[in-house]
Structure formats: structure tokens, C-alpha cells
Amino acid sequence: MLSDEERADRKMSEKTLQGRVMYRAKRDGWKIMHIPRGQAGGGQWRSTTGGGKGFPDLVLVRDRVLFVELKKELNHPDEDQVAWLEALNAARVETYVWRPSDLRLGIVDAALAR
């Protein structure tokens, strides 16, 4: 049986998660870059040009650079997102996939505090 906290994690939208992560990052002195997706005709979403499909949701910069993909509790990065995260890891930068439970468990705050 799920706890109330786990149920709340599962209900949290990615937009709410993004707002909470950005609040914490700003509080801790990080510069934040978020590239919103634009809506193309026919209701289809498109990303940035130049092969940017799947680029992480947030880039956080302070004394180091973090690339963060945000996901609802039970979701996983898609193929394009995994490709970006792998390429960034190969370039030896910090990458994260954060979900609502990572806020509750202190994982986000710990990564921002390092």
C-alpha cells in the first residue's frame, strides 16, 4: 500500500516539479536555463532546431553545470532524452533525472548543495 507521500509523488505534474526544482535552485544561487517547447501546427510539440529533440529540461549553472531531465514519478526518459544524457555524460558533465520523490527524499537539495 502506498503512503500519502508516495501518492502525492505520483500525482505531481512535471510542471509542478519544475517549479519546485527551479525555486530551490534560485534559492541556492544557481542560474537557470529552461527552453520551453513550442507548439507546432496540428497540436504536435516540437523542440529546438538543430537536433535539440530530447535536450534536458533544465541547465543549472553555479560553480558547476548540471543538466536535469524532469519526469513524473513513474515515467522514464525517452530514446532522444537518453541519447542527450549519454552524450553529456560522455562529455563528463553532471546529468540527473529527477522525479517528485527526489524532492521528498532530499536528493535534489543534496545535488544542489554540493
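Read-outs: derived from the displayed coordinates by stated rules, not from any lab. Just so you know, these numbers come straight off a predicted model, no measurement behind them. So basically every Cβ, Gly included, is an ideal-geometry build from the backbone, and we count neighbours across all protein chains shown.
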Problem set entry | For the range 4-113, the Rg and Dmax computed from alpha carbons only, in angstrom | 14.2, 43
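If contacts are Cα pairs under 8 angstrom and at least 6 residues apart, what is the relative contact order of the range 4-113 in percent? Provide the component values of the computation, followed by the final result.
Details: 140 pairs, mean separation 29.9, N = 110.
Computed over the range 4-113, the figure is 27 percent.
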Problem set entry | Stretchable slack from Arg64 to Asp80, in nm (0.36 nm times residue separation minus alpha-carbon distance) | 3.3 nm
Exercise. Can you give the extra length, in nm with one decimal, that the chain gains between Val93 and Leu2 once fully stretched, where that is 0.36 nm per residue apart less the Cα-Cα distance?
Worked result: 29.3 nm
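Determine the percent antiparallel among the DSSP beta bridges restricted to the range 4-113, to the nearest 5. Mind dumping the intermediate values first?
Working: 10 of 15 bridges.
So the antiparallel bridges amount to about 65 percent of the total.
For the chain, what does -39500 (n - 2.57) per DSSP helix run (n ≥ 4), summed and divided by total residues, give at 222 nm, in deg cm²/dmol to the nearest 500? Let's see the in-between values first.
On the way: 5 runs with 46 residues, N = 114.
One gets -11500 deg cm²/dmol as the mean residue ellipticity at 222 nm.
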Seminar exercise, completed: The farthest towards the positive end of the charge dipole of the chain, of the residues Leu58, Asn75, Ser3, given +1 on Cβ of Lys and Arg and -1 on Cβ of Asp and Glu, is Leu58
Exercise. For Val65, which sequence-distant residues (separation of 5 or more, or a different chain) have an amide H within less than 5 Å of its own amide H, given hydrogens modelled in the peptide plane?
Worked result: Glu94
